[in-house]
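Note sheet for the following structure.
Any read-out appearing in this document is the output of simple, stated calculations on the displayed coordinates, not a laboratory observation. In this text, all values refer to a predicted model and were calculated from it rather than measured experimentally.
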């Protein structure tokens with residue numbers, strides 16, 4: 001049971017239920033549904049904060065949906081703040097921002113150019129600190145010291 005080496009699919013969803021409270025950094029290459037409490041940064045492909053869910057920290061994801069409470073900065077490509085959602089923090093989005101009637105946002109909203117996603121296909125399992133970056137010619141280069149890249 002625990003010794004099985006199953007291949008994890010990116011399409012699988014993780015649930016943090018109403019009875020769960022997590023403190024620390026969460027990384028996921030799939031989707032996360034939050035019905036409980038998270039204190040700390042969340043980096044994921046997709047995150048949905050349900051009505052009973054609460055996140056205190058930053059969120060970086062391709063898609064973010066907030067129907068519960070979010071206290072911190074959100075960075076993503078597509079962001080939805082539902083009618084029951086509360087965001088206390090700044091929102092940066094690259095593609096689309098949807099707010100439903102009743103959504104409560106206390107922070108700045110900024111549209112950015114390009115994808116905000118820091119996810120790489122193997123970001124959870126890489127052992128080195130190097131990042132792949134696509135250059136203007138379509139090729140990729142290895143960046144070791146991000147601060148020296150302009």
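Under 1.5 on a/c is rounded, so check that first for segment 13-118, then, if it is not, pick prolate when a/b is larger than b/c and oblate when it is not; a ≥ b ≥ c are the square roots of the alpha carbon gyration tensor eigenvalues.
Working: a/c = 1.67, a/b = 1.21, b/c = 1.38.
Since a/c reaches 1.5 but b/c is at least a/b, the shape of segment 13-118 is classed as oblate.
Extension gain, residue 98-residue 14: 0.36 nm per intervening residue step, less the Cα-Cα distance, totals 27.9 nm.
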